[in-house]
Protein chains: 2
Amino acid sequence: MIPFFTGDALRRAVSPERALEAVREGFVAFARGEWTMPPKVYVPAYPAGDFRAMPALGGGHALLKWVTSFPGNPAQGLPTVTGLVLVSDASNGMLRAALDAAAVTTLRTGAAAVLAAETLGRPDAESASVIGVGVNGIAVARTLAARGRRPLLWDVDPGRAEAAAAEVGGEAAATREEALAADVVLTVTPGREVLFPEGSLRPGQHVSLMGADGAGNAEIAARELARVRVFCDDWEQASHGGEVAQCVELGLLGRDDVTELGDVLTGEAPGREADDEITAFDSTGLAIQDLAIALAALESAPDDLPQIPV
Amino acid sequence: MIPFFTGDALRRAVSPERALEAVREGFVAFARGEWTMPPKVYVPAYPAGDFRAMPALGGGHALLKWVTSFPGNPAQGLPTVTGLVLVSDASNGMLRAALDAAAVTTLRTGAAAVLAAETLGRPDAESASVIGVGVNGIAVARTLAARGRRPLLWDVDPGRAEAAAAEVGGEAAATREEALAADVVLTVTPGREVLFPEGSLRPGQHVSLMGADGAGNAEIAARELARVRVFCDDWEQASHGGEVAQCVELGLLGRDDVTELGDVLTGEAPGREADDEITAFDSTGLAIQDLAIALAALESAPDDLPQIPV
């Protein structure tokens, strides 16, 4: 028998603050080479969507995330992202747990967005905003609130921003411009519209670019990203599918221009170096983040979880 | 809620004969390009073992098998092969079922071994034997019995051969030589010892080589395999990890010397062409076989399956 963590069970087992610490430790272990991540595999089912098989190895466990992206699903009343995370003991291969993949994804996305903002934003940053409050955006807002912030929220649907603000303890922004002007801005949009055109970020700002998961989409203009200090979760993934990819294609950024967050966390590489520097974090989402959340969940598994008779 | 097929539930839902027909249809769909199979990913946890993430797409579904090979497990009272098979709807990504990976593996291995023997063996073949009756060997023997054969069984552990013979309705061979002399021989051993040295197969014989899953292991000598008509489940996999691989490395076999079973089943390529020809089938195990079994299971899912609240 192995436990199955539904989304609710996972949120009960792992608080946003615990998730942030777990994800921090995961990035550090990955940067040190203690955790590894074989490349993810895409199973295309276009035009409807695709499946991804994302493996990771670390902390005595192996993880496989089987997760989807079907952008047209909400129109049918179905979620865009679904699937399962499987965790096995790396010493003998035996399954240890299964978890709802969408819930793991939202928790680790919130954690990474805020971890990057705290690591790379100015220490005296006052205002923090979230642009786009779908399931992952709400998780980012919830993590900010858990870290003592009162986030300013903006969404194309004003009612959704109001509801999210009430839910997590934040404030709905009056305009998008107001939200984009915050000291740290965390964007979680589909990236069909560029939020940051060239020249729009102001000295000292930090932006965590969490959305735009899909070819041709972007939350920031290539020339704006190339103008600032650029960080990412993983060069390999970011240079192929992230915001960084568009800059690489245009020859605006190369490997040496981009710093991985894990290297900042271990002290291997510098983070922000001046108060007036603009920093941007390009998140593509790593299986090692999922592993960090899954291990945190295993540590504090409630007794009443549904069991799978494997 | 999605159903979970335990090993017992799967065996109740899909008989060996149904499995054989399903796997035949899977090989045909794969040969025609209707079903596809992105490359499998290995997650190494050596020296103890490894994990494999095996995806497949077809029949309106996407499959991911997360399965292990930990050869030292039996010494600790644990199975070598464990894991889960996940099946999702390819139109919207929603999970449809989870299945015990070891049970799917044994069922499809038995099906492929016998399918190859029936397709490539002489139509008048009388005797059929199974060498090695671990979990997969018993499945092969059970499939032979379901197709009206009374298989001759041999194992390094004579008691195990006796027990398997009683279980499936076969006969324990008096000697290994007796079993190796059958008209069709289905081998399911670790491949630490070569069963067929050069010159040992006799005209008209067929052998399905199902075992030796691991680098450096082989059930047949390279020069013996190169001497006969060679078939495989998938050139890509067989030329990298199968019995065929050793021949490729030695320059004894190339792509044109090996025929994929699916091409024989569709009529694209000839199978056995003469009564005195020796045929050998090199099985590496394909995710499309797992998909075939999983779809057959979904078709006849019992009402009383445990449910996972995804």
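Could you tell me what percent of the DSSP beta bridges with both partners in the protein assembly as shown are antiparallel, to the nearest 5? Taking every DSSP beta bridge with both residues in the protein assembly as shown, the antiparallel ones total about 50 percent.
Note on A:V130: accessible area is roughly 0 Å² with a 1.4 Å probe, heavy atoms of protein only.
Projected onto planes of every orientation and averaged, the convex hull of the alpha-carbon atoms in the protein assembly as shown covers 28.5 nm². The trypsin sites (Lys or Arg not before Pro) of region A:150-225 that meet both conditions, a loop assignment by DSSP and at most 16 other Cβ atoms within 10 Å of the site Cβ, are A:R192.
Summed over the residues of region B:238-290 and divided among them, the accessible surface reaches 41 Å² per residue at a probe radius of 1.4 Å.
Remark: region A:25-69 carries 36 Å² of accessible area per residue (probe radius 1.4 Å; ligands, DNA and RNA excluded). Restricting the GluC sites (Glu not before Pro) of region A:110-196 to loop positions (DSSP other than H, G, I, E, B) with no more than 12 neighbouring Cβ atoms within 10 Å leaves A:E126, A:E193. P(r) for region A:95-247, from all Cα pairs and a bin width of 10 Å, is 12, 43, 35, 9, 1, 0 %, short bins first. Taken over the alpha carbons of region B:1-157 as equal point scatterers, the Debye sum produces base-10 log I(q)/I(0) values at 0.08 Å⁻¹ of -0.26. Chain B against chain A buries an accessible area of about 3000 Å², both chains summed, 1.4 Å probe radius. Principal-axis analysis of the Cα atoms of chain A puts helix A:101-120 at an angle of about 40° to the longest axis. When all protein chains stay in place and ligands, DNA and RNA are ignored, the 1.4 Å accessible-area order of B:K40, A:K65, largest first, is B:K40, A:K65. Note on region B:58-163: with neighbouring protein chains present and a 1.4 Å probe, carbon and sulfur make up 54 percent of its accessible heavy-atom surface. The residues of region B:167-210 expose, per residue, 42 Å² of accessible area to a 1.4 Å probe.
The 3J(HN,Hα) values that the Karplus relation (6.51, -1.76, 1.60; θ = phi - 60°) gives for region A:154-160 are, in residue order, 9, 8, 4, 9, x, x, 5 Hz. Gly and Pro appear as x.
For the pair B:R202 and A:R255, a Förster radius of 56 Å applied to the C-beta separation gives a FRET efficiency near 0.40, rounded to the nearest 0.05. Using the alpha-carbon positions of region A:256-310, Rg (one decimal) and Dmax (whole number) come out as 18.0, 56 Å. Among B:259-269, A:264-274, A:23-33, the peptide with the highest mean count of other Cβ atoms within 10 Å heads the list, and the full ranking is A:23-33, B:259-269, A:264-274.
Apolar share of the accessible surface for region A:241-288: 39 percent from carbon plus sulfur atoms, 1.4 Å probe. Modelled spin-label separation between B:E178 and A:E126, with each label point placed 7 Å from Cα along the Cα-to-Cβ direction: 9.2 nm.
Remark: C-alpha extents of region A:136-182 on the principal axes read 24, 21, 16 Å, sorted largest to smallest.
Interface residues of region A:44-60, defined as those losing at least 40 Å² of solvent-accessible heavy-atom surface relative to the isolated chain (probe radius 1.4 Å), are listed as A:F51, A:L57.
In summary, the convex hull built on the alpha carbon positions of chain A has an orientation-averaged projected area of 15.5 nm². Annotation for region B:44-69 versus region A:246-300: alpha-carbon center distance of 29 Å. Rolling a 1.4 Å probe over the protein heavy atoms leaves B:H61 with an accessible area of roughly 30 Å².
Per-residue ellipticity at 222 nm, computed for chain A from helices alone with -39500 (n - 2.57) per DSSP H run of at least four residues, works out to -10500 deg cm²/dmol. Taken residue by residue and averaged, Cβ atoms of other chains lying within 10 Å of the Cβ of B:68-81 number 2. For chain B, the longest principal axis of the C-alpha atoms and the axis of helix B:135-146 are separated by about 80°. Convex hull volume of the C-alpha atoms in region B:29-84, normalised per residue: 88 Å³.
Per-residue SASA remark: A:Y46, around 140 Å² accessible (1.4 Å probe; ligands, DNA and RNA not included).
The values are calculated or read from the model by the stated rules, or taken from the named source; none is laboratory data. The structure displayed is predicted, hence computed values, not measured ones. Here the Cβ is made from the backbone with ideal geometry for all residues, glycine too, and neighbour counts use every protein chain on show. Just the protein is used for accessible areas: all its heavy atoms, side chains included, with ligands, DNA and RNA removed. Shrake-Rupley method; radii C 1.70, N 1.55, O 1.52, S 1.80 Å.
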